[in-house]
Amino acid sequence: MSRILLADDHPMIRTALEALLRGTDFNIVGTSATGEDALKDIARLEPDLVLLDLQMPGGTGMEVIRALASAGSHLKIVVLTAGIDDTSLIEARALGVRGLVLKSSDPAFLLDCLEQVKSGGTWIDPELQTRVEELSGTLAASPRPALAPRERQLIGFVRKGLRNREIADQLGVTEGTVKVYLHAVFEKLGVSSRTELAVRADEFLAGSYLKS
């Protein structure tokens, strides 16, 4: 029996999901109505899997996902959402979300997804899978800027969660110099935030970004 924490702020959705999972191998051990409560309940209940809505008060689903990733959690996450933008879709995949299901889909899709994730696999709603493939194709077709060794080193530090002062200590430069370096990396890679850089670090550190 897999223990599930259900995080969704809509009582009707929670009731419907409890009814859907009744009699299955999935047991809802707790429900959370806010992102903040979801993180507290995850720590308290230690579920096997979290079924997570993206739009919640008190911390969105993406904020919950980022917090778990930053903490090094290996909790299996299934996102159940009414909709998701392209940036969040890419970020959720990069942060290790195991399942993505649209609320408008057939309930059987959610059961299939939970079974796949329970077994260690991944499952993406067919509608979202098409978007993932399109986005992957766009990213693959985009020219990849060459990164110098210092730039790759900076990305590695950001991926580890080091702050500017810590990076400055590592490199033997001032904190202001680190800010200048990072701004240049943001511009080169077309990222808008430190979080996006950290999320996509593995992509940017791949061999295809090596400076020839």
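Readers should treat all values here as calculations from the given coordinates under stated rules, not as data from a laboratory. Source: prediction; values computed, not measured. Neighbour counts run over all protein chains shown; Cβ positions are idealised from the backbone, glycine included.
To the nearest ten degrees, helix 61-70 and the longest principal axis of the Cα atoms of the chain are 60 degrees apart. Straight Cα distances below 19 angstrom link Lys188 to the lysines Lys179, Lys211, with same-chain residues fewer than 8 positions distant left out. Taking N as the number of residues in the range 1-93, what is its alpha-carbon radius of gyration divided by 2.2 N^0.38 Å? Rg over 2.2 N^0.38 Å, computed on Cα atoms: 1.01.
The spacing between the range 62-88 and the range 6-45, judged by their C-alpha centroids, is 15 Å.
Rounded to whole numbers, the Karplus 3J(HN,Hα) couplings from phi for the range 36-50 are 4, 5, 4, 5, 5, 5, 4, 5, 7, 9, 6, x, 7, 8, 10 Hz, using 6.51 cos²θ - 1.76 cosθ + 1.60 with θ = phi - 60°, and x at Gly and Pro. The angle between the Cα long axis of helix 11-21 and the main principal axis of the chain comes to about 70°, on a 0 to 90 degree scale. Of the Cα atoms belonging to the range 149-209, the radius of gyration and Dmax stand at 10.7, 30 Å.
Fewest neighbouring Cβ atoms within 10 Å first, the residues Phe204, Phe109 line up as Phe109, Phe204. Counting every alpha-carbon pair across the chain, the share separated by more than 25 Å comes to 45%. Computed on the Cα trace of the range 69-170, the radius of gyration divided by the Kirkwood hydrodynamic radius gives Rg/Rh = 1.08. Here the range 149-209 is assigned +1 on the Cβ of each Lys and Arg and -1 on the Cβ of each Asp and Glu. Its dipole about the Cα centre then comes out at about 60 debye.
Note that the range 179-184 has calculated 3J(HN,Hα) couplings of 4, 5, 4, 5, 4, 5 Hz, one per residue in order, obtained from phi through the Karplus relation 6.51 cos²θ - 1.76 cosθ + 1.60 (θ = phi - 60°); glycine and proline are x. Modelled this way, with points 7 Å down the Cα-to-C-beta line, the labels at Leu171 and Gln55 are 4.0 nm from one another. For the residues Ala16, Ala82, Ala146, a GNM of the chain with alpha-carbon springs under 10 Å puts the largest fluctuation on Ala16.
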